[in-house]
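Colleague: Got a structure for you, written out below as structure tokens; questions coming shortly.
The values are calculated or read from the model by the stated rules, or taken from the named source; none is laboratory data. Worth saying up front: this structure is predicted, and the values here are computed from it rather than measured. Cβ placement follows ideal geometry from the backbone for every residue including glycine, while neighbour counts extend to all protein chains displayed.
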């Protein structure tokens, strides 16, 4: 990694840790500079302001999450061809992955930015919107594949099902941190898995 790229990554790492701990508003550029052992000019060489930093953090978070989901679903597709089974396996793998994190899921930059969107310009808010809609699109494809084979036992909208996946994950992260119980997120994902299974599994006649 080139020196400039290494410095940029260090800034992002330090900023992310601080922001996930106490939010964007309470994290100053001065604090980031001190923790990263940089000069202010070094910070501003990479990011013109806090909006640029937020955009970079969101884009990086999206890339990391996309890779994580790609890996999970690729493993699930290696184990099954049926779309419902792929979804059930993927949700179980995701729950296990999060459960294996020593201190639970570290948090979501996208959610943190949403809670404090008054701090940001239109570019940051649009990056956040793209992130959420990207997750909707990903999980919508999963449910579309299931719906093509299995009629649901209730009247449901595919987009609502897709949003439920994100809501359960993000809500689980918030609950986990609120009560210092890291396993909540994984348990919530497994409950979601049970719902999906009940919603689509063929009924015995």
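Colleague: So residue 102 ticks every box in (1) modelled with pLDDT under 95; (2) surrounded by fewer than 18 Cβ atoms within 10 Å (Cβ to Cβ); (3) not in a loop (DSSP other than H, G, I, E, B) but one. Which box is left unticked?
Modeller: The one condition residue 102 does not meet is (3).
Colleague: Only one of (1) without any contact (Cβ under 8 Å) to a residue 60 or more places away in the chain; (2) more than 18 Å from residue 65 (Cβ to Cβ) is not met by residue 139, so which one is it?
Modeller: (2)
Residue-wise test of (1) under 24 Å from residue 123 (Cβ atoms); (2) exposed (fewer than 13 other Cβ atoms within 10 Å of the Cβ).
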| residue | (1), (2) |
| --- | --- |
| 28 | yes, yes |
| 46 | yes, no |
| 50 | yes, no |
| 73 | no, no |
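Colleague: May I pose another question? Among the helices (runs of 4 or more DSSP H) contained in the stretch 1-99, which hold 3 or more residues that are farther than 25 Å from residue 141 by Cα?
Modeller: Those helices (runs of 4 or more DSSP H) span 3-22, 29-36, 40-46, 50-79.
Colleague: Counting only residues that are over 30 Å from residue 19 (Cα atoms), give me the helices (runs of 4 or more DSSP H) lying completely in the stretch 108-205 with at least 1 of them. Explain how you work it out, then say what you get.
Modeller: Working: elements: 109-115, 122-147, 158-179, 184-200.
In the stretch 108-205, 122-147, 158-179, 184-200 are the helices (runs of 4 or more DSSP H) which contain 1 or more residues that are over 30 Å from residue 19 (Cα atoms).
Colleague: Here is a check on your reading of the model: is residue 162 in the same structural domain as residue 103 (by TED's automatic domain parsing), touching a residue at least 60 places away in the same chain (Cβ under 8 Å), touching a helix residue (DSSP H, G or I) at 6+ places or on another chain (Cβ under 8 Å) and surrounded by 16 or more Cβ atoms within 10 Å (Cβ to Cβ)? I'd like the intermediate steps shown before the answer.
Modeller: Details: in the same structural domain as residue 103 (by TED's automatic domain parsing): yes; touching a residue at least 60 places away in the same chain (Cβ under 8 Å): no; touching a helix residue (DSSP H, G or I) at 6+ places or on another chain (Cβ under 8 Å): yes; surrounded by 16 or more Cβ atoms within 10 Å (Cβ to Cβ): yes.
No.
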